[in-house]
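Participant: Below is one structure. I have some questions about it.
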Amino acid sequence: MGRPASVEAHEVFWDCWRQGLSVAECSARAGVTVTAGDRWAQVAGVARPAHRPVADPVKVAALVKLIRSGVAGVAAAKRVGLSRQVGRYWAARLADGVAVPNLVWVDYQTGGVDIDMDAPPGRRLGPRERQEIALGRAAGLSISAIAERIGRPRCTVWRELTRNSSPDGTYRFLDAEQSARDKAKRPKVVKLAEGRLRDMVQQGLEHQLSPEQISHRLVLEYPDDKEMRVCCETIYQAVYVQARGGLKREVNKALRTSRTIRKPHATGEKRRGRIADMTPISQRPAQVEERTVPGHWEGDLILGSVESKSAVATLIERCFRFALVAGLPNGHTAAQTEEALVPVIAALPEQLRNSLTWDQGVEMSNHLQIANQTGITIYFADPHSPWQRGTNENTNGLLRQYLPKGTDLSVYTPEDLAAIATALNTRPRKTLGWLTPAEAFAIWLGIPVTIGGRPAQLPDSLKPLTHRCVDH
């Protein structure tokens, strides 16, 4: 066995190859035998017949076009500047109905592939880039070096080698190009259209299993059967998009959400900025967090049934937990929310209209108009941060005792809602020293409140620091 060729020999061979020289010429300039050069080209999947020089790709394309238009092979070859032999060769191939390449590389088995080597690179790998990958692998280059050569990320080259290499691990350019084209064909056969796998998925849905549970359970039950594999996303696609194989009939009773249309998940970028000119909660004064100054409120909507589109707006005072409610019987658009909130807030004494903190719901899109009409400053909590309005969230949970989920809230009159608010405001609270919110508010306003024959007082936690009792 001869000595292995050097890296320099590989580089010289492939440099000559890129110039369009034959295997014999490339081998001679690299200082290796024709057999070695022929083997390198075959391993790379870009082999050329050694007995015939490669014609200029552009001239070959023009030649094929002329022959297809009815010009004889020899005459067409003469027009484009190719030999008579080349003209006869392509005329015979066309007459036999063999696929003719737009260009260039030829292997021993097929004699040609229908690819355009001069196509500009796009988002996906092109033929010329796959050729460079094959040449790089044949030259023993690393994945990083190949990626740098073709100007692609390393992971792109790694995925290409993983997906389109032959079973023995060899990457051949022509095979890889054909494999990529086959995988890109659309429409694809639906995996769950029929068969045993579809039956097992449908059986899982009928037993109220989620797509994720079905996917992972199949791996446990059929560890050696690769055909019994399906990801949960494929199941969702079959249910919501493709609606084939009988899965559509199982939607209402199978999926726990019972949705017939898939609910899109808005990204953070889509969620942010939905309300113009928002003042974030980070700009809210620190005294609001201390709960020592009354007049700072937290607000939100309690939604009724989807069919009724009804809602109830809730306002909770942070210091005394005093609740105000306003009905939105006909919907909760920005205009309707403004119409409901303005009279409630405007009726408060001026010293109790300091700030209002709301979530980033679109119902508050008219927050500037609400602020202008009531004189209150409105802040918006961060997305997905209900703890920033903990008082309101907790009180809304209490209100659900009176306003159950999924019901039509438009049936509650303003008098009914006022009675519900009164029930909450007369409920003793541990955080208020077992005073009710109404009693705590009255004491702060200077209204005498007598409990058990004694004048009631606010707990120290609700008094300014200068008025609190301090043990000496």
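Participant: Does Thr337 fit the bill of being within 21 Å of Pro404 (Cβ to Cβ) and surrounded by 21 or more Cβ atoms within 10 Å (Cβ to Cβ)?
Facilitator: No, not satisfied.
Participant: Further question on the same structure: Considering the stretch 362-377 alone, what residues qualify as being surrounded by fewer than 20 Cβ atoms within 10 Å (Cβ to Cβ) and either in contact with a strand residue (DSSP E or B) (Cβ under 7 Å, 6 or more places away or on another chain) or not assigned by TED's automatic domain parsing to the domain that holds Glu289 (or both)?
Facilitator: Within the stretch 362-377, Ala371, Thr377 qualify.
Participant: Answer yes or no as to whether Leu324 is of a type outside the set (Asp, Glu) and surrounded by fewer than 22 Cβ atoms within 10 Å (Cβ to Cβ).
Facilitator: On the way: of a type outside the set (Asp, Glu): yes; surrounded by fewer than 22 Cβ atoms within 10 Å (Cβ to Cβ): yes.
Yes: the conditions hold for Leu324.
Participant: Consider the stretch 195-242. How many of its residues are of a type in the set (Phe, Trp, Tyr), within 27 Å of the chain's Cα centre (by Cα) and at pLDDT 85 or above?
Facilitator: 0
Participant: Which ones in the stretch 282-308 are in contact with a Phe, Trp or Tyr (Cβ under 8 Å, 6 or more places away or on another chain) and aromatic (Phe, Trp, Tyr)? Don't jump to the end; show me each part of the working.
Facilitator: If we filter the stretch 282-308 for residues that are in contact with a Phe, Trp or Tyr (Cβ under 8 Å, 6 or more places away or on another chain), which is where we start, we get 283-284, 294, 298-300.
Passing the criteria: none in range.
Participant: Considering only the stretch 173-184, I want to know if a residue exists there that is assigned to a loop (DSSP other than H, G, I, E, B) and surrounded by 12 or more Cβ atoms within 10 Å (Cβ to Cβ).
Facilitator: No, every residue in the stretch 173-184 fails to be assigned to a loop (DSSP other than H, G, I, E, B) and surrounded by 12 or more Cβ atoms within 10 Å (Cβ to Cβ).
Participant: If you check Val293, Val344, Val288, which single one turns out to be within 26 Å of Leu435 (Cα to Cα), touching a Cys at 6+ places or on another chain (Cβ under 8 Å) and surrounded by fewer than 22 Cβ atoms within 10 Å (Cβ to Cβ)?
Facilitator: Val293
Participant: When you scan the stretch 55-109, how many residues do you find that are of a type in the set (Val, Ile, Thr) and modelled with pLDDT under 85?
Facilitator: Going through the stretch 55-109 one residue at a time, the tally reaches 8.
Participant: Is the stretch 34-41 home to any residue that is modelled with pLDDT of 80 or more and surrounded by fewer than 16 Cβ atoms within 10 Å (Cβ to Cβ)?
Facilitator: yes
Participant: Of everything in the stretch 143-178, what is touching a residue at least 60 places away in the same chain (Cβ under 8 Å) and within 12 Å of Gln131 (Cα to Cα)? Give them in sequence order.
Facilitator: Of everything in the stretch 143-178, those that are touching a residue at least 60 places away in the same chain (Cβ under 8 Å) and within 12 Å of Gln131 (Cα to Cα) turn out to be Tyr171, Arg172, Phe173, Leu174, Asp175, Ala176, Glu177.
Participant: So how many residues does the stretch 403-451 have that are farther than 19 Å from Leu303 by Cα and assigned to a loop (DSSP other than H, G, I, E, B)?
Facilitator: Number satisfying all stated conditions: 13.
Participant: Can I ask one more? Within the stretch 304-321, how many residues are acidic (Asp, Glu) and buried (at least 17 other Cβ atoms within 10 Å of the Cβ)?
Facilitator: The first filter runs over the stretch 304-321 and keeps only residues acidic (Asp, Glu), leaving 307, 317.
Among the residues that remain, those that are also buried (at least 17 other Cβ atoms within 10 Å of the Cβ) are: 317.
Residues meeting the conditions: 1.
Participant: Give the residues of the stretch 332-380 that are out of contact with any helix residue (DSSP H, G or I) (no Cβ under 9 Å at 6 or more places or on another chain) and charged (D, E, K, R), sorted by residue number.
Facilitator: Glu339, Glu350, listed by residue number.
Participant: Now a separate question. Within the stretch 367-385, which residues are assigned to a loop (DSSP other than H, G, I, E, B) and in contact with a Leu (Cβ under 9 Å, 6 or more places away or on another chain)?
Facilitator: Ile376, the sole residue that qualifies.
Participant: Here's a follow-up. Which pairs have Cβ atoms under 9 Å, sit 6 or more apart or on different chains, and link a residue in the stretch 72-88 that is closer than 16 Å to Ala61 by Cβ to one that is of a type in the set (Ser, Thr, Tyr) and in a loop (DSSP other than H, G, I, E, B)?
Facilitator: What qualifies is Ala76/Ser69; Ala77/Ser83.
Participant: Between Val230, Val201, which is among the β-branched types (Val, Ile, Thr), surrounded by 13 or more Cβ atoms within 10 Å (Cβ to Cβ) and in a loop (DSSP other than H, G, I, E, B)?
Facilitator: The match here is Val230.
Participant: Moving on. One residue is enough: does the stretch 436-443 have a residue meeting the conditions within 26 Å of Ala335 (Cα to Cα) and out of contact with any helix residue (DSSP H, G or I) (no Cβ under 9 Å at 6 or more places or on another chain)?
Facilitator: The answer is no; no qualifying residue exists.
Participant: Another one. Determine, yes or no, whether Gln351 is surrounded by fewer than 14 Cβ atoms within 10 Å (Cβ to Cβ) and not β-branched (Val, Ile, Thr).
Facilitator: yes
The values are calculated or read from the model by the stated rules, or taken from the named source; none is laboratory data. Note that the structure is a prediction, hence the values are computed from the model and not measured. No Cβ is skipped: glycine too gets one built from the backbone with ideal geometry, and neighbour counts run over all protein chains shown.
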